[in-house]
Amino acid sequence: MLSIIKLRFLMLRDEYKSIVLLTAMALGFTAVFGISNVDGYKPKVLIIDEDNSKYSQLFIEELKMSNSFEYEISNYDRGIKLVDEGKVLTAIILKNNFEKDIEMGKSPIIDILKLKDDIYIYRLEGLISNIFNKMISNIKISEAAADYIGRLKSINRQEIVSKTYLKALEAWEYEKPIVINQEMIERKGKSEYNHLKHMMIGFAIFFSTYTVVFSIGNILNDRKHNIWQRMLISPVSKTSILGGSMISAYIIGCIQLGILILGGKYLFGIDWGKSVLGIITIAASFVFTMTSLGLLLSGIVRTEAQLSAITPVVLTSTGMLGGCLWPLEIINSKVLLTIANFVPQKWAVEGMEKIAVNGYGFEAALMPSLVLLGMGLIYFMVGVRLVKFE
């Protein structure tokens, strides 16, 4: 078996450039997409007020109180141009009859101009919904108070509405209806979404899958050049041949993931949490799973060209389902979230984020690692049956 492992590493002389390229791409994509969302970055959002009414102005004032975005008042034509050029994140349009619809109990129309959906857009949509719901509640409270007081004595109803609305707004700010105390056991840092960490974890997982799958896929290249047949007639057992190929691919994958983890720490200053052992355990389990998946794919196809064609489809689709390219929290489809549970990438990303982002200890690595090992064993057993030893 050692001779097979040695042979595989000698073959890296012709393939190391692709591994280096995949590693560099993981770090490069993290720098491009991750650092763009470091603390202090606020996407610009244009506000187009076509109604220009009292309620539209109240809505805009509430929106500007959020410090997650940078807001700017604009007109429609300029908003279309800047969004199309990608100079702003999006433009919010408060349509005509905004105030009239609210007074009639209808849902006013708010348009959002955007080029694509991303986590910022989803966050902004949630913010708009929360502000609107709060504003409607305040309006109903103020109008109900004005109607009640107006029956008691003759005073200015509009003045009551305005004053009551301001009081209700003040109550939202300083006197929350409930207070929630929460505590994370053994938690020292903040428990919040960290875009840079997610991108580092996601891209490290995503690009390492290609290295591992193509490393074990070398058995197809061996068949093409009759190396596989010569090994079969040599005094080396089939177990040693397959085991050596698996172990060498596994080691290569672990080395690459290790480099990416260290790169995240020293290039981007990423804190991997309180349990580095947990991160390593999940990474090691994931590499085993992907090595077994590579064996399975190598058993299904017959040539290296077929593997090169099917691998990007499988790994890219499972990477997207597993949350490598975006957080699964923004996905609303129950079907997709259910399918994600059967994807190895989901368990690896989720487990690493619990430790690196949410501050959990080694216990957070147990379930993802067990699931990954279980998946890996299934892929391995099926892959061994499919690999032809002719």
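Nothing in this text is a laboratory measurement; each read-out follows from the coordinates by a stated rule. Since we're looking at a predicted model, the values are computed, not measured. Cβ: placed from backbone, ideal geometry, glycine included. Neighbour counts: every protein chain shown.
In this simple spin-label model, placing a label point 7 Å from the Cα along the Cα-to-Cβ direction at both Lys87 and Met381 gives a separation of 6.2 nm.
Potential lengthening of the chain between Lys334 and Asn97 amounts to 81.8 nm, from the contour at 0.36 nm per residue minus the alpha-carbon distance. Past 32 Å, Cα to Cα, is the threshold; run Lys106/Lys334; Lys42/Lys134; Lys134/Lys346; Lys64/Lys265; Lys81/Lys346 against it and keep the listed order. In this structure, Lys134/Lys346; Lys64/Lys265; Lys81/Lys346 exceed 32 Å between Cα atoms. The length gained by stretching the chain between Thr316 and Ala31 to full extension, at 0.36 nm per residue less their Cα-Cα distance, is 100.6 nm. With a cut-off of 13 Å on the backbone N, the residues of segment 352-390 near the modelled label site 7 Å out from Arg302 along Cα-Cβ are 388.
Sorted fewest first by neighbouring Cβ atoms within 10 angstrom, Tyr120, Tyr71 come out as Tyr71, Tyr120. With a Förster radius of 41 Å applied to the beta-carbon distance between Glu70 and Leu262, the computed FRET efficiency rounds to 0.70.
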